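All remarks here apply to the structure that follows.
The values are calculated or read from the model by the stated rules, or taken from the named source; none is laboratory data. Since the model is a prediction, treat every value here as computed from it, not as a measurement. Heads up, the Cβs are rebuilt from the backbone with ideal geometry, glycines too, and the neighbour counts pull from every protein chain shown. The area values use the complete protein model at the heavy-atom level, side chains included, leaving out ligands, DNA and RNA. Shrake-Rupley method; radii C 1.70, N 1.55, O 1.52, S 1.80 Å.
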Amino acid sequence: MYDALLRDTTPEYTGHWRNEQVWVGSGSISRHAATFVPHHHTRIPSLMADVLAFAQRADAYFRALTEYRAGNTNAIITAVAKTSFAAAQNGRQLVDDIQAAVARWDHQVIALSDSSVHRIKQYLLRQPHLAGAGDPRRTRCCRRTG
């Protein structure tokens, strides 16, 4: 992809993984207000190896697709049904894990009922991955400066 996009303008960026941290948005000095910050460049080789391993797998789903292409629909129906049941079980486990985390937080965090820590907890339940400072307007707990 990089070759197709950059070969005529900046060919030095093609043919290898990036070797520095990058981000989208905010300017070139700092990533703190960036719209998107991808993984650190040192993780790229192992992440790409993982993607390739995933793409090269030969699991039941791919076998079922091969059978489907040959006219046997039973294999793909069975594979999708099994996957649906596994997804439902994973969802139930996730709900249990989240409820247990909330119970631990409620037990460990001692604060006044109007404390911002409670708004932050509710925010984390909806947005479990925080990049940077998040959006203080959602928790109404602090003002962003700078």
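Things worth noting here:
- Flag for residue 15 being open to solvent by 70 Å² or more (accessible area, probe 1.4 Å), among the small types (Gly, Ala, Ser) and assigned to a loop (DSSP other than H, G, I, E, B): yes
A quick yes/no check of all residues on (1) open to solvent by less than 70 Å² (accessible area, probe 1.4 Å); (2) closer than 30 Å to residue 80 by Cα; (3) not polar (S, T, N, Q):
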position: 24; (1), (2), (3): no, no, yes
position: 30; (1), (2), (3): yes, no, no
position: 35; (1), (2), (3): no, no, no
position: 40; (1), (2), (3): no, no, yes
position: 44; (1), (2), (3): yes, no, yes
position: 53; (1), (2), (3): yes, yes, yes
position: 59; (1), (2), (3): yes, yes, yes
position: 64; (1), (2), (3): yes, yes, yes
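Listed here are the residues, each with its yes/no results for (1) over 30 Å from residue 16 (Cβ atoms); (2) of a type outside the set (A, V, I, L, M, F, W, C); (3) at pLDDT 90 or above; (4) part of a helix (DSSP H, G or I).
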{"position": "27", "(1), (2), (3), (4)": "no, yes, no, no"}
{"position": "44", "(1), (2), (3), (4)": "no, no, yes, yes"}
{"position": "54", "(1), (2), (3), (4)": "no, no, no, yes"}
{"position": "95", "(1), (2), (3), (4)": "yes, no, yes, yes"}
{"position": "107", "(1), (2), (3), (4)": "yes, yes, yes, yes"}
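- When residues of the range 68-93 are limited to those that are touching a helix residue (DSSP H, G or I) at 6+ places or on another chain (Cβ under 7 Å) and either small (Gly, Ala, Ser) or closer than 17 Å to residue 125 by Cα (or both), the one modelled with the lowest pLDDT: 79
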